[in-house]
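This report concerns only the one structure given below.
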Amino acid sequence: MDGNGRWATRRFLPRLAGHRQGVESLRRCVRACAARGVGVLTVFAFSSENWNRPQDEVSGLMELMGKALVREVPQLTKDGVRLCFVGERASLSAGMRGALEQAEAATAANSRMTLNVCFNYGGRWDIAQAAAGLAARGEPITESSLHAAMGMAHVPDPDLLIRTGGEKRISNFLLWQAAYTELYFSERLWPEFDEAALDEAIADYAARERRFGRTSEQLRQEQEQPDPLRA
Ligand code: IPE
Ligand code: MG
């Protein structure tokens, strides 16, 4: 969700005002995704590297997160959204850890859509912590054991990854899980990423051919084969 700071700076506002607007944009996006039948939405809220930002921006972001949780959890529950936090928790404050756990517990039974919030998350961190866990338990390191030990083990790999704000980088997001994900880059700043922008991204995605290493010909043949259950 990139572009909050620029959105604010263009309006001569403090960066934190942009992050506040970013929360509004997220609320709109969650609703829009749920309405469109998206089963899993994963957002990058705070990266392992974001601690390096100015101290007041970091504390502002933490405060915003705490407040958004208190305010949004009841509505998310009504909308059937299950919240999951993915990322390293040990270096968060005890209060924040408690708030994350509470929000997860309060929404655990919701099944319409899963909203993963990557918070104090880094793709490299996730791969390393998964490997370290397996090594400590003396378990073999394979693609499937690593996958199962990572923070996103509870959901399928993402189909579509949208980066807003015009940068064309992954920036340490879902490095492992995005192996076959379709990438979409939007020039819109995150606070301006509305339903129409989401629909544009989905339409772009829908027009792509996902081959997973195979050929177009193979895909066509598979589609032409009659479904044995319906024959
Ligand atoms: C939001 O956008 C990302 C967060 C870390 C919350 P930015 O704060 O990176 O916005 P820009 O890139 O400065 O515009
Ligand atoms: Mg940025």
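Remarks
- Hits in the stretch 27-51 - residues which are within 14 Å of the chain's Cα centre (by Cα) and within 16 Å of ligand 2 (Cβ to nearest atom): VAL43, PHE44, ALA45, PHE46, SER47
- Qualifying residue in the stretch 116-127 (condition: surrounded by 15 or more Cβ atoms within 10 Å (Cβ to Cβ) and more than 28 Å from GLY5 (Cα to Cα)): yes
- Whichever residue in the stretch 57-84 is of a type in the set (Asp, Glu), in contact (Cβ under 8 Å) with a residue 24 or more places away in the chain and in a helix (DSSP H, G or I) and, among such residues, is nearest to ligand 1 (Cβ to nearest atom): GLU57
- Residue pairs meeting the criteria (Cβ under 8 Å; at least 6 apart or on separate chains; first within 14 Å of ligand 2 (Cβ to nearest atom), in the stretch 15-26; second basic (Lys, Arg) and part of a helix (DSSP H, G or I)): GLY18/ARG6
- Residue match in the stretch 32-48 (condition: within 30 Å of ALA109 (Cα to Cα), away from ligand 1 (no atom under 16 Å from the Cβ), crowded, with 16+ Cβ neighbours inside 10 Å and among the β-branched types (Val, Ile, Thr)): yes
Any read-out appearing in this document is the output of simple, stated calculations on the displayed coordinates, not a laboratory observation. What you see is a predicted model; the values in this text were computed from it and never measured. Cβ: placed from backbone, ideal geometry, glycine included. Neighbour counts: every protein chain shown.
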